[in-house]
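I have placed the structure first, in the form of structure tokens, so that the comments after it can refer back to it.
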Amino acid sequence: MAGEGSLPLRRLKEFQPLNRLTDDQLVLLASRAERRTHGPGQRVLERGVRDGLDFFLVSGQVELASADGRTLLIQAETEQALNPIARLQPRVYEVTAVKPCEFLVVEQDILTQMLRTAPVDQVELNADDGPGGESEEHALLMAFYAELRTNQIKLPSVPDVAWKVRRTVDREDSTAEQVAHAVSADPAMALKLVRACNSPLYRGFSDVRNVREAVVRLGMRTTRQLVTVFSMREVFNTRQVALQKEMERLWRHSREVAALAWVLADHATRLNPEEAMLAGLLHDIGVVPVLVQAEHHNRLFANPDRLHHAVQELRADVGAAVLESWSFPPAFVEAVRHAEDWAYEAREAEPTLVDVVIVAQLHAMIGSNQNANLPRFDQVPAYRRLGELELNASRSLQLLTEARARVEEVQQLLSIR
């Protein structure tokens with residue numbers, strides 16, 4: 001069914017990437033968009049369909065069902081509803097209305113054309129760019145963003161062993177033997193898990209000798225997280241010599257943030273430390289496809305400042321797209337999208353993964369002397385939300401100094417090959 005009236009600009013600007021458009025562009029977009037309503041139980045989107053449309057959830061609630069039977073509820077005006085619903089094409093989710101829903105439906109081609117001419121925030125130009133430098137960088141970035149919007153950027157896939165272990169653990173009737181069997185399908189992963197279980201972080205009174213014993217000691221939830229953590233190393237690999245150095249730097253930074261996230265979660269929250277570690281490891285996952293794709297844009301790739309700006313512009317959107325394609329829970333997607341958004345404040349009362357990742361990022365950047373543009377601790381909502389520690393700058397640094405041995409243990413864990 002079609003809806004009536006037009007959405008106010010203020011409401012349109014709450015959606016991503018509509019918030020990149022000017023007011024005039026939003027008015028034009030609204031005139032070309034369609035309003036659709038669906039009643040409870042009605043099918044909104046079919047899995048496997050490629051329709052070239054973006055569905056923005058204006059009101060109501062929908063259920064997303066993946067091919068493996070997992071479901072996710074999305075409520076309008078929440079973090080999960082900022083982006084188009086099930087935007088990857090062909091559709092990887094079946095979408096059904098749970099409550100009466102209203103959507104703004106936009107043709108992807110129209111949105112892509114508008115994004116190509118939308119302004120880019122905070123474009124920094126080199127002195128030697130000369131006349132036309134701004135328009136050239138603008139065009140490069142918008143072309144890049146358009147490729148993301150139309151799914152021309154190849155997103156990395158979840159390594160098979162991580163996918164199989166996650167599916168096995170998520171079944172209610174799974175046993176340790178079944179999980180161990182899924183892990184053992186990859187002998188290298190099985191070895192890593194046993195070594196992890198015998199590391200200082202998880203070592204018991206005696207060493208474990210096989211994968212089943214490791215699963216029993218760690219528990220299935222921790223096993224799932226660690227397998228995903230270990231499998232991420234191959235995602236940060238590339239055969240392209242020009243990219244390898246940057247990938248290695250990215251992996252080292254991600255590993256540092258992951259270790260700090262583990263320690264902060266363990267000391268300051270009730271969050272599972274392994275989940276925090278995984279969120280920290282994934283916080284820059286969006287940079288990987290950006291780097292790979294950038295090599296196809298010679299002028300962008302050859303200029304370090306332009307490449308850095310493209311990464312900063314695109315990392316959050318691409319990272320969210322990667323985790324959505326991997327069917328990760330919304331808390332991980334939120335952490336990736338806002339990992340470098342110092343002003344972001346989560347809506348939940350208790351600390352969440354995004355809080356831990358933001359604070360871990362701050363500490364990692366301070367530790368690497370990247371202090372120039374960082375805010376003060378008391379200006380960062382995520383820092384204040386870790387209230388159980390009563391953190392301040394000196395207390396925070398003291399905590400991490402005291403926990404340095406644990407950080408090093410986590411770093412060693414992430415270095416297991």
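The values are calculated or read from the model by the stated rules, or taken from the named source; none is laboratory data. The structure displayed is predicted, hence computed values, not measured ones. As a convention, Cβ positions derive from the backbone with ideal geometry for all residues, glycine included, and neighbour counts pool all protein chains shown. For accessibility, only protein heavy atoms count, side chains too; no ligands or nucleic acids. Shrake-Rupley method; radii C 1.70, N 1.55, O 1.52, S 1.80 Å.
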Among the residues listed as Met277, Met232, the single one being assigned to a helix (DSSP H, G or I), of a type outside the set (D, E, K, R) and touching a Phe, Trp or Tyr at 6+ places or on another chain (Cβ under 7 Å): Met277
Report the residue count in segment 250-273 for those that are more than 23 Å from His309 (Cα to Cα) and surrounded by fewer than 24 Cβ atoms within 10 Å (Cβ to Cβ). 8
Looking at segment 179-217, which of the residues that are β-branched (Val, Ile, Thr) and in contact (Cβ under 8 Å) with a residue 24 or more places away in the chain is most open to solvent (accessible area, probe 1.4 Å)? Val216
Please state which of the following conditions Tyr145 fails to meet, knowing it meets all the rest: (1) modelled with pLDDT under 85; (2) open to solvent by 10 Å² or more (accessible area, probe 1.4 Å). (2)
Just to be sure, is Arg10 more than 19 Å from the chain's Cα centre (by Cα) and modelled with pLDDT under 90? yes
Check whether at least one residue in segment 157-178 is of a type in the set (Ser, Thr, Tyr), outside any helix (DSSP H, G or I) and open to solvent by 80 Å² or more (accessible area, probe 1.4 Å), and report yes or no. yes
Identify the single condition in (1) in a helix (DSSP H, G or I); (2) touching a Leu at 6+ places or on another chain (Cβ under 8 Å) that Ala316 does not satisfy, given that it satisfies every other one. (2)
Considering only residues that are farther than 10 Å from Gln89 by Cβ and in contact with a helix residue (DSSP H, G or I) (Cβ under 6 Å, 6 or more places away or on another chain), which ones fall in segment 35-60? Leu57
Out of curiosity, is Glu313 surrounded by 20 or more Cβ atoms within 10 Å (Cβ to Cβ), over 19 Å from Thr222 (Cα atoms) and among the charged types (D, E, K, R)? yes
Tell me, yes or no, whether segment 185-204 has at least one residue that is out of contact with any strand residue (DSSP E or B) (no Cβ under 6 Å at 6 or more places or on another chain), modelled with pLDDT under 85, among the aliphatic types (A, V, I, L, M) and assigned to a loop (DSSP other than H, G, I, E, B). yes
Check whether at least one residue in segment 80-92 is open to solvent by 30 Å² or more (accessible area, probe 1.4 Å), in a helix (DSSP H, G or I) and in contact with a Pro (Cβ under 7 Å, 6 or more places away or on another chain), and report yes or no. yes
Please verify whether Leu73 is touching a residue at least 24 places away in the same chain (Cβ under 8 Å) and surrounded by fewer than 16 Cβ atoms within 10 Å (Cβ to Cβ), treating the condition exactly as stated. yes
Of the residues in segment 332-359 that are touching a residue at least 12 places away in the same chain (Cβ under 8 Å) and open to solvent by 40 Å² or more (accessible area, probe 1.4 Å), the one that is nearest to Thr269 (Cα to Cα) is Glu350
Check on Phe103, in contact (Cβ under 8 Å) with a residue 60 or more places away in the chain, in a strand (DSSP E or B) and of a type in the set (A, V, I, L, M, F, W, C): yes
When restricted to Glu348, Glu334, Glu324, the only residue of a type outside the set (A, V, I, L, M, F, W, C) and part of a loop (DSSP other than H, G, I, E, B) is Glu348
Picking from Ala65, Ala33, which residue would you name as being of a type in the set (Gly, Ala, Ser) and without any contact (Cβ under 8 Å) to a residue 40 or more places away in the chain? Ala65
The correct count of residues that are open to solvent by less than 20 Å² (accessible area, probe 1.4 Å), of a type outside the set (Phe, Trp, Tyr) and over 11 Å from Leu45 (Cβ atoms) in segment 56-70 is 4
